[in-house]
1. Identify, from the list Val45, Val94, the residue that is in a helix (DSSP H, G or I), open to solvent by less than 30 Å² (accessible area, probe 1.4 Å) and at pLDDT 75 or above.
2. Find the residue count for region 263-287, including only residues that are in a helix (DSSP H, G or I) and either surrounded by 14 or more Cβ atoms within 10 Å (Cβ to Cβ) or β-branched (Val, Ile, Thr) (or both).
3. Looking at region 302-406, what strands (runs of 3 or more DSSP E) fall wholly within it and have at least 1 residues that are under 22 Å from Gly191 (Cβ atoms) and modelled with pLDDT of 85 or more?
4. Mind listing whichever residues of region 252-262 are touching a residue at least 60 places away in the same chain (Cβ under 8 Å) and part of a helix (DSSP H, G or I)?
5. Working carefully through the options Leu407, Leu456, Leu435, Leu486, find the one that is among the hydrophobic types (A, V, I, L, M, F, W, C), under 30 Å from Ile215 (Cβ atoms) and surrounded by 12 or more Cβ atoms within 10 Å (Cβ to Cβ).
6. Tally the residues that are in a loop (DSSP other than H, G, I, E, B) and exposed (fewer than 13 other Cβ atoms within 10 Å of the Cβ), restricting the search to region 440-453.
7. When the residues of region 104-153 are filtered to those that are out of contact with any strand residue (DSSP E or B) (no Cβ under 9 Å at 6 or more places or on another chain), outside any helix (DSSP H, G or I) and modelled with pLDDT under 90, which remaining residue is most open to solvent (accessible area, probe 1.4 Å)?
8. When only residues in region 210-237 that are in a loop (DSSP other than H, G, I, E, B) and in contact (Cβ under 8 Å) with a residue 60 or more places away in the chain count, which is most open to solvent (accessible area, probe 1.4 Å)?
Amino acid sequence: MTRLALLTSGLEVISHLFQISPTKCKSTRWFSRGRIASSKILEEVEKLKALKLELGDESGSTGKLILKTPKGTRDYQPEQMAIRESVLNKVIKVFKKHGGVTIDTPVFELKDVLTGKYGEDSKLIYDLKDQGGEILSLRYDLTVPFARYVAMNKTSTIKRYQVAKVYRRDNPSMSRGRYREFYQCDFDVAGQFDPMIPDAECIKIVQDILTSMDIGNFVIKVNHRQILDGIFEVCGVAKDMFRTICSSVDKLDKSPWEEVKREMIEEKNLDPVAADAIGEFVRMNGGMELVDKLESTSLSESSTAKNGLDSMRLLLKYCALMGCPQSVSFDLSLARGLDYYTGVIFEAVLMAEVRDEKGELIQVGSVAGGGRYDKLVGMFDSKNRDVPCVGVSIGIERLFSIMEANLANTKVRTSETEVYVATAQKNLCEERLKLCRELWDSDVKTEHSYKKNPKLLSQLQECEISGIPLAVVIGESELQKGVVKLRTVATREETEVLRSSLVHSIKEKLNELKASQ
């Protein structure tokens, strides 16, 4: 029996005891025969009624439709969408600059494709009901579906980008740009190449994107899974505990070391001596000098760590050659808890404070992350054929939150309309439509009023409100002379232009306005 059915039954029993109907429970005189104070019973009954209303019927409906978006999701207004499109265009422009080609994959995958790839985060996957024999889940990220795509299509080399929505049953934090439905923008290089060259380019791509956003100072933290495994090895951690201890280290960007240490010891039964030894390492960060320093520590006793340090030295060298040494920090606290990473890992974090229109601090955390995953494709291949991969994912929702905050007091254009066709007198609707057709056919972004006889002042005000740069005004005298008035909305300057040369004059004027901005 469901909770709702039990509540309904309970209300009926109480009503029967006092020989009243459930609908009359509001009146205390109906309880006068009872030995228990009627006010107390009424209080409990009202609580049950409230809980019944909250639970609703078997389908989850309360009988009254409450208009809201599901938890962890949101609607976007035209102004917000204009910002989002601008941000996405900048990201895609950088992806294309680095030679990326785009693909698309289904929004849901076979559950077996996704499970076992995300470590402790696997519990955040959205499972779907059985719709006819296939057990499906919504994609958690774009990386695992990409690996499935590479294996299924027998792809040996590809440099791909993908912009699409993913879904996570995470605890949402709207102020930090953390949602349950959100966009990811991924760039991945698959194929057998020389060490660290594509890895360094992925870091360069992150730098190019964040620089183009003009959102302040940032740092790209880098580390290597082999270095982390070497640390765990020399600190006395059992090999079968590497991944679970790695997931604890991954929390250092959100929690102080003492909390992380407590989790390792109390929840994961790690020896306190080993935890203290790990703490000495994971609080270090720097550049090439840190690589030199670590090579003179106990890490030199681990061949795994030594290989990782050699790779890190090469990565930092290539990053410097690509022009991003100031943005990159070798940080041993970076762990990235996903199980599929096998080599270099990186994460971009904003250094500057970001505040919303109320002056409140927006905590955005990391804005990009990625790494190397050389064994993921092989998990899907029937012959376990590995295709080495490295990639980066841009935290686009967090960038949206920052851009929205930065533009909170700025008017944002929601359309790209270049010209508004206005009529000066009545009965010129047909002429207006003809002129609009001419401009549309010439690829001029054009709008007009949907009223047959609009007032000229209202039309010009619409231009100013919408930020449309130019207006073309036609009246009876202009029609007789074969001209129109071309009006610059911002300055209200008007010029007579021949109808036959209107398109050329509009494009010339738009170029002038663009150059003056």
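1. Just one listed residue meets the conditions, Val94.
2. 11
3. On the way: elements: 328-331, 344-350, 366-372, 389-394.
Qualifying strands (runs of 3 or more DSSP E): 344-350, 366-372, 389-394.
4. Here is the first cut: in region 252-262, the ones touching a residue at least 60 places away in the same chain (Cβ under 8 Å) are 252-254.
Answer for region 252-262, where residues must be touching a residue at least 60 places away in the same chain (Cβ under 8 Å) and part of a helix (DSSP H, G or I): Leu252, Asp253.
5. Just a single option satisfies the conditions, and that option is Leu407.
6. First pass over region 440-453, keeping only residues in a loop (DSSP other than H, G, I, E, B): 442-445, 449-453.
Filter once more, keeping what is exposed (fewer than 13 other Cβ atoms within 10 Å of the Cβ): 443, 450-453.
Residues that pass the stated criteria total 5.
7. Gln131
8. Pass one, region 210-237, residues in a loop (DSSP other than H, G, I, E, B): 214-217, 235-237.
Add one more test, that the residue is in contact (Cβ under 8 Å) with a residue 60 or more places away in the chain, and what stays is 215-217.
Values: Ile215: 15, Gly216: 40, Asn217: 115 Å².
Going through the qualifying residues, I end up with Asn217.
The values are calculated or read from the model by the stated rules, or taken from the named source; none is laboratory data. Computed from a predicted model, the values in this text were never measured in an experiment. Reconstructed Cβ throughout: ideal geometry from the backbone, glycine too, with neighbour counts over all protein chains shown. Side chains are part of the model used for accessible areas, which takes the heavy atoms of the whole protein and leaves out ligands, DNA and RNA. Shrake-Rupley method; radii C 1.70, N 1.55, O 1.52, S 1.80 Å.
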